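Here is the structure we will look at, set down as structure tokens.
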Amino acid sequence: MATKETAQRIIDAALQLISEKGYTAATTKAIADLAQVNEVTIFRHFGNKEGLLKTIVDKFSYNPILQKTMREEVTWDLETDLSRFSMQYFEYMMSIKDFVMIGFKESMQFPEINAEIANVPLLFKNELIHYFKEMHHKGKIREVNFEAAALSLIALNFGHFISRARLGTIVSTLPTEELLKTSVAIFSRGLTS
């Protein structure tokens, strides 16, 4: 148990330092100091700094909770479902915000981070397309380019995430749930009118 906790402390410290300073500036010594472990412990757990980065990438590259919600917990009410999907997407993105910020900073040096970050919107896009096709088949939404509709909703949600992740409540103090519900209500009208 202590080994898992130690590894998690190292991962958390690496995420914090890499998101604040960048990969190169986040030395294994600084990571070890923040995690309150000996530097050799990082090498024992992850081999080297790149091994630590690979572990971080692997950890954040898949979200089964979002996929489960989009497949098994649908009500077939457009606003209800899109609000739930959007809130879950937002919460997941906030839980990996340090990883996403690392992706912005380190994409040139580590393109594999971008590939892993792209898995989140790609999964979300594919699940939304499937959902929109089913809603159309049920006669609940009009026919549109379902991929374009999915990407539009993702862009809307990603914009809210970036605003909150980078700026907090400087731009708006509206509660996230209210913001997302309003956005989904406006978005939904375009699919039903």
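The values are calculated or read from the model by the stated rules, or taken from the named source; none is laboratory data. Predicted model only: the values in this text are computed from it and were never measured. Don't worry about glycine lacking a Cβ; one is built from the backbone with ideal geometry, like all the others, and counts go over all protein chains shown. For the accessible areas, the whole protein counts, side chains as well, though only heavy atoms, and no ligand, DNA or RNA atoms are used. Shrake-Rupley method; radii C 1.70, N 1.55, O 1.52, S 1.80 Å.
Table for the structure above
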read-out	value
Among (1) open to solvent by less than 70 Å² (accessible area, probe 1.4 Å); (2) in contact with a helix residue (DSSP H, G or I) (Cβ under 6 Å, 6 or more places away or on another chain), the one test that Thr41 misses	(2)
Cβ pairs under 9 Å, 6+ apart, first in the stretch 17-36 and among the small types (Gly, Ala, Ser), second part of a loop (DSSP other than H, G, I, E, B) and surrounded by 13 or more Cβ atoms within 10 Å (Cβ to Cβ)	Ser19/Ala26
Every pair of residues 6+ apart whose Cβ atoms lie under 6 Å, when the first sits in the stretch 80-109 and is more than 23 Å from Thr192 (Cβ to Cβ) and of a type in the set (Phe, Trp, Tyr) while the second is at pLDDT 90 or above and open to solvent by 30 Å² or more (accessible area, probe 1.4 Å)	none
Some residue of the stretch 15-33 being closer than 20 Å to Ser163 by Cα and of a type in the set (S, T, N, Q)	yes
Test: Glu147 is among the acidic types (Asp, Glu), part of a helix (DSSP H, G or I), in contact (Cβ under 8 Å) with a residue 12 or more places away in the chain and surrounded by fewer than 19 Cβ atoms within 10 Å (Cβ to Cβ)	yes
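Okay, residues lined up against (1) under 30 Å from Leu191 (Cα atoms); (2) at pLDDT 80 or above; (3) open to solvent by 10 Å² or more (accessible area, probe 1.4 Å):
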residue	(1), (2), (3)
Tyr23	no, yes, yes
Thr80	yes, yes, yes
Met101	no, no, yes
Phe110	no, no, yes
